[in-house]
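Since every read-out is calculated from the coordinates, none of them should be taken as a lab result. On a predicted model such as this, the values are computed, not experimentally measured, just so you know. All Cβ positions, glycine included, derive from the backbone under ideal geometry; neighbour counts span all protein chains shown.
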Amino acid sequence: MKYLKVIAFTHKQIELKELGKLVICQENLTEKLQRVKEQFGIPEIFYLGTCNRVAFVMATEQTIDRDFARKFFHALNIGMCPGYTELFLDAAAIYEDHDALNHLLRTSCSLESLIVGEKEILAQLRKAYEGCRQAGLTGDYLRMVMNCVVKAAKEVYTHTNISKNPISVVSLAYRKLKELKFSANARILIIGAGETNQNISKYLQKHKYSNFVVFNRTLSKAQALAADLNGIAYTIGELKNYKQGFDIIITCTSATQPVITTEIYTSLLQGETDKKTVVDLAIPNDVDPEVILNFPVNYIEVRSLKEVAKKNMQERYEELVHAERIIEENISEFIPQLKLRRVEVAMRCVPEKIKEIRHNALNTVFANEVQGLDQQSREILEKVINYMEKKYISVPMVMAKEILINNN
């Protein structure tokens, strides 16, 4: 596993509101990853960005240290000033080999999440990998790693109670919202139509809320979510023109600057002065801090859920031990599988090489002798050579497997 490397930035080392500065827009992601892949000679790479982590997973022989990470981030060119870059690099966690696989497995099982037991991270990890795979950024090595990651996560969620009565960022946010006891007809503005807002919308629907307006950068996605909610859809640009007022704003976009500025919030109020509720699940936050300072707002954000997360961790301690045991078992199983796969890849050329030798023997080296044989003799020779060819292809592979099994 010496090729597996991970550079990770998580809520454990970096404030959530700062972590958002590392998020790469999906529109530019493939281009940026392709550029660093070529520049640094990285055979395989994929990127994971969630509300409480950013990680770059690589398959490469080269040493990944802070000096490499510095050059890597400058090459990514995600628009951060040098001072910020250095602060983030100081907080980066760099993993390789066994530690890298362990970190990925712990991540997929939610052991590294803000809320231990939330299953969303596995879907996010698979989606991130799949996007990079389709873009041609990954290959056979990371395919095997991801198979191990998914298998371990499924076993942890199946054989432990770590996700029993799961508490995710979304469900915690909804729980806080529910405590405010809004009527079913409360006016709800949903800003952003991504996975997080889709999930919280399911909670709202389930509990009979019915008055929705959805805003999103891409109108078609806003329309799809609005259709599920029997609501109305607009582009985000229409926020400044919306005149129907609101009781609740739920926002989660990938914007790097506040979507809800003081000016837009004032316009959305339409002169209403009662206390509103804003659920801001974006990293970085979608709401300008000035809005919270200058208006009466029940403000629910990811950071405010940290205390609940700590309690969640304590309650699940025994399950963590069981989960970690499953992870170690999966790592132990994966190592011989990886070695065997390397043998298979290395021996891909064997069948073609043997066919080449056969062709050479029949048509060049022993061509005259073969031509002198009668039909029956040729048929027997062909059978013997076919038999030998199959054995010469299969025997080395069988022997390699036996050596690996015996050594392990």
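Brief remarks on what is shown
- Restricting the trypsin sites (Lys or Arg not before Pro) of segment 205-257 to loop positions (DSSP other than H, G, I, E, B) with no more than 14 neighbouring Cβ atoms within 10 Å leaves Lys208, Lys243.
- Largest-first principal axis extents, alpha carbons of segment 1-156, Å: 42, 33, 29
- 15 Å beta-carbon shell around Leu381, net charge (K/R +1, D/E -1): -2
- Once the Cα atoms are used to define both axes, helix 219-229 deviates from the longest principal axis of the chain by about 70 degrees.
- Extension gain, Glu18-Asp97: 0.36 nm per intervening residue step, less the Cα-Cα distance, totals 25.6 nm.
- Per-residue ellipticity at 222 nm computed for the chain from its helices equals -17500 deg cm²/dmol, with DSSP H segments shorter than 4 residues left out and the rest contributing -39,500 (n - 2.57).
- Helix 169-179 axis, angle to the chain major axis (alpha carbon atoms, nearest 10°): 20
- Rounded FRET efficiency, nearest 0.05, which uses the C-beta distance separating Gln376 from Cys81 and R0 of 60 Å: 0.10
- Approximate spin-label separation Ile232-His322, in nm, with each point projected 7 Å along Cα-to-Cβ: 5.0
- Computed FRET value (nearest 0.05) for Gln205 with Ala135, which takes r as the C-beta separation and R₀ as 35 Å: 0.55
- For the chain, with +1 on Lys and Arg beta carbons and -1 on Asp and Glu, the positive-most of Phe334, Thr235, Ser394 along the dipole: Thr235
- Rounded tilt (10° steps) of 195-206 against the dominant C-alpha axis of the chain: 60
- Cα gyration tensor category, rounded, prolate or oblate, for segment 89-196 with a/c compared to 1.5: prolate
- In percent, rounded to a whole number, the relative contact order of segment 4-165 is 29, using alpha-carbon pairs under 8 Å and six or more apart.
- Prolate/oblate/rounded label for segment 169-305 (Cα gyration tensor, a/c 1.5): rounded
- Cα-centre dipole for the chain with unit charges at Cβ (Lys and Arg positive, Asp and Glu negative), debye to 20: 700
- Two-decimal Rg to Rh for the chain - Kirkwood Rh, Cα set: 1.13
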